[in-house]
Amino acid sequence: MARVMASAPADAVDAPARPSGLRRFGRALRTHPVLGVSLVVLTVFSAVAVAAPWLTVDPATLNPIARLKPPTEAHLFGSDQIGRSVLARTVWGARVSLGIGVMVALVTTVLGVAIGVAAGYFRALDTLVMRSMDAVMAVPAILLAIALVAIVGASPAVLVAAISVPEIPRMARMVRASVLVMRGQPFVEAAITCGARVRTVLWRHILPGAAGPILVQATYVFASAMILEAILSFLGAGTPPDVPSWGNMMAEGRQFLQIAPWILAFPAVCLSVVVLSVNLMGDALRDMLDPSLARTTTEGAA
């Protein structure tokens, strides 16, 4: 008996080690190839946005002689109504559109997680917090964003705030639901019973279990923010005309759709590709983090 017990630690030492994070990521890419394609597309657009000053000329450069020129070797994406390069404005517009999407996702995630955790873990705050979130959700996102922009004024920072406000309640409700599920788990109740601090319970037990849904929701917020920015700019309540973004480029291009469709087409295609990639990445992450959803979807389709 003693010999068997003595050999137990050796068996434990010889147990196969868990695969590293890089191996798990590579396995996830092989299992979900859509995730890899989406990451490549987003990486390319992000690299182009960061390298915009070195890839193109200043988007505000005017050349009235070359106004409304179709795509040629000299102007790959053509020129707009006042002779500006559509390629330069599209590349620089990626900086604004992607930047707004990233900032809205970060602001929404941080505030939404904080509000959702407070409502889900501290039951005394649940009713007050969630009724406040319901009041915000009762107002259409577009109208709320337009009202904030009209009161404060149009700028990228104001757009981030205006788009984040309608998105925060959705994130908060999702986080609250995840916290309620995690709070009822036996290991969380055991930690609370043993006198663990609230901070320890949240950081070590509850938030890691809710990290998957939060990450997936953040990707959808990112895509939704880019679409809302384009809608607001298209309606004239977005970024100022001198700040190129895909939304205000499409707003300007609609006036010349019949004679110069390239002004609207290129930013529209870029926006569609990025939003589609982000949504596909979110779906792949959801299936990867919760395989039961993928099986349920497949069985329902069959």
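The values are calculated or read from the model by the stated rules, or taken from the named source; none is laboratory data. Being a predicted model, the structure only gives us computed values, none of them experimental. Don't worry about glycine lacking a Cβ; one is built from the backbone with ideal geometry, like all the others, and counts go over all protein chains shown.
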Every residue from the stretch 136-153 that is touching a residue at least 40 places away in the same chain (Cβ under 8 Å) and under 15 Å from S164 (Cβ atoms): A141, I142, A145, I146, V149
Number of the exception - L235 against (1) surrounded by fewer than 19 Cβ atoms within 10 Å (Cβ to Cβ); (2) at pLDDT 85 or above; (3) over 25 Å from L35 (Cβ atoms); (4) within 23 Å of the chain's Cα centre (by Cα): (2)
Out of all the residues in the stretch 203-217, which are touching a Ser or Thr at 6+ places or on another chain (Cβ under 8 Å), surrounded by fewer than 21 Cβ atoms within 10 Å (Cβ to Cβ) and either among the hydrophobic types (A, V, I, L, M, F, W, C) or free of Cβ contacts under 8 Å to residues at least 12 places away in the same chain (or both)? I214
Within the stretch 83-100, of all residues that are of a type in the set (K, R) and in a helix (DSSP H, G or I), the one surrounded by the most Cβ atoms within 10 Å (Cβ to Cβ) is R89
Of (1) exposed (fewer than 15 other Cβ atoms within 10 Å of the Cβ); (2) at pLDDT 85 or above; (3) not hydrophobic (A, V, I, L, M, F, W, C), P166 satisfies all except one. Which? (1)
Taking the stretch 108-134 and keeping residues without any contact (Cβ under 8 Å) to a residue 40 or more places away in the chain and touching a helix residue (DSSP H, G or I) at 6+ places or on another chain (Cβ under 9 Å) leaves A114, A118, F122, L125, T127, L128, S132, D134
Given (1) exposed (fewer than 15 other Cβ atoms within 10 Å of the Cβ); (2) modelled with pLDDT of 90 or more, where does A265 come up short, assuming only one miss? (1)
Where in the stretch 117-187 are there helices (runs of 4 or more DSSP H), lying fully within it, with 2 or more residues that are touching a Leu at 6+ places or on another chain (Cβ under 9 Å) and closer than 30 Å to L98 by Cβ? 141-152, 156-183
Among the residues of the stretch 260-272, is there at least one that is under 30 Å from T31 (Cβ atoms) and touching a residue at least 60 places away in the same chain (Cβ under 8 Å)? yes
Evaluate the following for G195: is it outside any helix (DSSP H, G or I) and closer than 29 Å to R123 by Cα? yes
Looking only at residues in the stretch 238-259 that are touching a residue at least 24 places away in the same chain (Cβ under 8 Å) and not in a helix (DSSP H, G or I), which one is surrounded by the fewest Cβ atoms within 10 Å (Cβ to Cβ)? D242
Can you confirm whether R131 is surrounded by fewer than 19 Cβ atoms within 10 Å (Cβ to Cβ), under 30 Å from I206 (Cβ atoms), out of contact with any strand residue (DSSP E or B) (no Cβ under 7 Å at 6 or more places or on another chain) and of a type outside the set (G, A, S)? yes
